[in-house]
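The values are calculated or read from the model by the stated rules, or taken from the named source; none is laboratory data. Computed from a predicted model, the values in this text were never measured in an experiment. Please note: Cβ atoms are built from the backbone with ideal geometry, for glycine as well, and neighbour counts cover all protein chains shown. Calculation scope for accessible area: heavy atoms of the full protein, side chains included, ligands and nucleic acids excluded. Shrake-Rupley method; radii C 1.70, N 1.55, O 1.52, S 1.80 Å.
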Amino acid sequence: SSGINAEYGVRFMNTSDDRFVTGGNKTLRIWEVDRENRKIRPQECDLGQLKRDVRCILIDSDDEYLYAGTTSGDILQITIRTHLFKNSGPSKDKYSLGVHSMAMLKDGTIIIATGGGIVGAIKPGASFKLSKECEVAGGATSIAVRGAGHQIYVGVNRGNIYRINHSDFKPVCVNSCHYSGVMDVAFPAREGNLFATCSKENIRVWVTDTSSEVLRITVPNMTCHGVCFMEDGHSIISAWNDGKIRAFKPESGTELYTIHDAHKQGVTAIATTNDSSRIVSGGGEGQVRVWDISPKRQQMKAAMKEHKGVVTCIKIRKENMECVS
């Protein structure tokens, strides 16, 4: 048993299938498999006075040293043969939000990725100081090295995958998605080549055939509960948990207008009429409201309170005379 402490990292030795390393809350252990007696025996690494939570583990090609990235933002170096602490660093300006992932190139260079979004390279014997670095959007969760290390791929908790060429160390986003639940999906009228999705903090427009993102509209610290296109295709209408209805240009994402205080408990459903002259919205308080829309003015025309709970969906009939909620 590894004990009651959570384990976050595990790594097998490069020259043995019977030895591996685990790290977690205040623990760093080297394990050996006793095949004859069908036992796995642990040996604690001696860190002296240091107390660290280990998030990731790296072992050099000769199984001489292991490196442990910690939530404290430093890296520990342990001699595997003796299980003794050898070095740590950086001593100052530790990496923000901890070292979450590490990889090693063939020349011994260590690539690290941090919870603060920093990806960097550490040369062997460089006291764990970065020789190259770049920043990605979000906290890093994983690293993969391609080939001999000419390219590095980094995954982040914001739903993006970045490619970094080791020569220039500039990140390029190669794939993206929502990092929270998708709340709504909408196609433009009579158009199947594009569609929009909404989630926490943003609306995204995608190309249907390639699933590639072509537009991202961000409203920090807010959640979009619903999205739809005006029939004329001139605007994207969205419902937000701060009680506002926001309209954006579908080409650039520029905000066209905002209806403030549309619902007291957040806008939870949205729909538009076929003539692009009205918006029907639903709220967390159970009200359904109808809005007259023009380029310079947005005015409430009617309000109905028949629901006892949250309004989750609204559909309008083709003749624009009735809606179902």
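Summary table
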quantity	calculated
Elements of type strands (runs of 3 or more DSSP E) in the range 195-257, at least 1 residues being of a type in the set (Asp, Glu) and modelled with pLDDT of 95 or more	none
Residue that is farthest from Gly9 (Cα to Cα), among those in the range 140-191 that are surrounded by 14 or more Cβ atoms within 10 Å (Cβ to Cβ) and basic (Lys, Arg)	Arg163
Residue that is nearest to the chain's Cα centre (by Cα), among those in the range 135-169 that are part of a loop (DSSP other than H, G, I, E, B) and closer than 17 Å to Ile112 by Cβ	Asn157
The range 232-273, residues that are closer than 18 Å to Ala303 by Cα and among the acidic types (Asp, Glu)	Asp261
In the range 300-325, the residues that are open to solvent by 90 Å² or more (accessible area, probe 1.4 Å) and assigned to a strand (DSSP E or B)	Lys301, Lys305, Lys315, Val324
Number of the exception - Ala262 against (1) touching a residue at least 40 places away in the same chain (Cβ under 8 Å); (2) outside any strand (DSSP E or B); (3) of a type outside the set (Phe, Trp, Tyr); (4) open to solvent by less than 40 Å² (accessible area, probe 1.4 Å)	(1)
Selected residue [surrounded by fewer than 16 Cβ atoms within 10 Å (Cβ to Cβ) and outside any loop (DSSP other than H, G, I, E, B)] from Gln43, Gln49	Gln43
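Residue by residue, here is whether (1) open to solvent by less than 70 Å² (accessible area, probe 1.4 Å); (2) in contact with a Gly (Cβ under 6 Å, 6 or more places away or on another chain); (3) in contact (Cβ under 8 Å) with a residue 60 or more places away in the chain; (4) not in a strand (DSSP E or B) holds:
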| position | (1), (2), (3), (4) |
| --- | --- |
| Val33 | yes, no, no, no |
| Val54 | yes, yes, no, no |
| Ser72 | yes, no, no, yes |
| Asp93 | no, no, no, yes |
